[in-house]
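> Sharing a structure here in structure tokens format.
The values are calculated or read from the model by the stated rules, or taken from the named source; none is laboratory data. As the structure is a prediction and not an experimental result, all values here were calculated from the model. Areas reflect the complete protein model, heavy atoms only, side chains present, ligands, DNA and RNA absent. Shrake-Rupley method; radii C 1.70, N 1.55, O 1.52, S 1.80 Å.
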Amino acid sequence: MMPDLFELGIDGTLQLARCLSASALDPTSSITFGLSGPSTSFYSCLCDELLSQDPGSFESVIADTVSHFTKSLSKCDTVLDGGGGSIEGGIDGGGMVIVSGLKELCSHKKAAACLTRVPSFLLPAEGSEKSKERVTPPVPTLPPGASAQQQRFFRMVQAMSAGRSGYLRRSGPALEKDTLLGLVLRIGLPMENPAVSSSFQNAASRTMKDVKQGIEGMRRQLRIYQDKCNELVRALVTAGADARGQVSTQLQPLICSYRISFCIESMMFKSQWYARLVIFFIFR
């Protein structure tokens, strides 16, 4: 889209990402809802029109839209987090809203296939030069105007960070942090996260009923999020043989890197979907 002709379309892909996320919250104003079926929705007609005019632009639009989803997902660690609406190019709402938006994007099969071809969907190929690159966590920098105590603290943090080895671009941590499905499936209710553990503060001074209600509330949120993950993966694997093959390829490093016991542990403590998908592709 030409920015000089359509000034409001400069951030068109971000607007599309936000509309897709909002579609899951309010079906009556959803751009993926069609009176005569999904194929008659505004979103479906938009995808068909872009495909008929310029397939390359269609791929670019979907890739840019997905980048906004991944940027916001990277800010979510639990199903209780609010998402990346506060960052530039972010989407309001938590992981549940973001994953719902991705599922709505995949309601058009061609768009779902495009999503599986974005660079962030797969790890680098085994044996490639990129797979041997090492990602090192950034070392914190000293803020301007810091006090002497703050300077000593930052120098201590920098010294501790200097020995961190990071991780390879083709590894378990990279699968979880740098791929689309990894960002989606890692979200759960890890007890070591402050957002989760803070819900159990002063438990001794609360009634058993109050504590149980809090636990049940988190379980319901986790269950709903898992259902959204199920819908997203189903949309991908039913989008065609190419998309299904990409999903299978994305899971192969997981099958090779982790034991089933780790997956069962993930089913208990994290989002559960790594384990279920691995077991599905092993025994299908």
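> So what is the relative contact order for segment 165-245, in percent, with contacts set as C-alpha pairs under 8 Å and at least six apart?
On the way: 25 pairs, mean separation 13.4, N = 81.
Across segment 165-245, relative contact order equals 17 percent.
> Right, another one. How much accessible area per residue does segment 27-73 have, in Å², with a 1.4 Å probe?
Using a 1.4 Å probe on heavy atoms only, each residue of segment 27-73 averages 53 Å².
> Accessible surface of residue 179 in the full protein assembly, 1.4 angstrom probe, to the nearest 10 Å²?
0
> Quick one: plug the Kirkwood hydrodynamic radius of segment 146-247 (C-alpha pairs) into Stokes-Einstein at 37 °C, 0.692 mPa s, and report D in µm²/s. Before the final figure, lay out each step's value.
Values: Rh = 18.0 Å.
Estimated via Stokes-Einstein, D reaches 182 µm²/s.
> For residue 71, list the aspartates and glutamates whose Cα falls under 20 Å from its own Cα; do not include residues on the same chain fewer than 8 positions away.
In chain and number order, the partners are 11, 59, 81, 88, 92, 104, 176, 178.
> For residue 135, what residues show an amide H to amide H distance below 5 Å, using hydrogens built from the backbone and excluding near sequence neighbours?
Amide H neighbours of residue 135: 167, 168, 169.
> Here's a follow-up. Kindly write out, for segment 174-190 in residue order, the coupling ³J(HN,Hα) from the Karplus curve 6.51 cos²θ - 1.76 cosθ + 1.60 (θ = phi - 60°), rounded to whole Hz, with x marking Gly and Pro.
Computed from phi, the couplings for segment 174-190 are 5, 4, 7, 9, 10, 10, 4, 5, x, 5, 6, 7, 6, 6, x, 9, x Hz.
> Give the cross-link partners of residue 75 among the lysines, using a straight C-alpha distance below 17 Å as the criterion and excluding same-chain residues fewer than 8 apart.
Filter leaves 177, 270.
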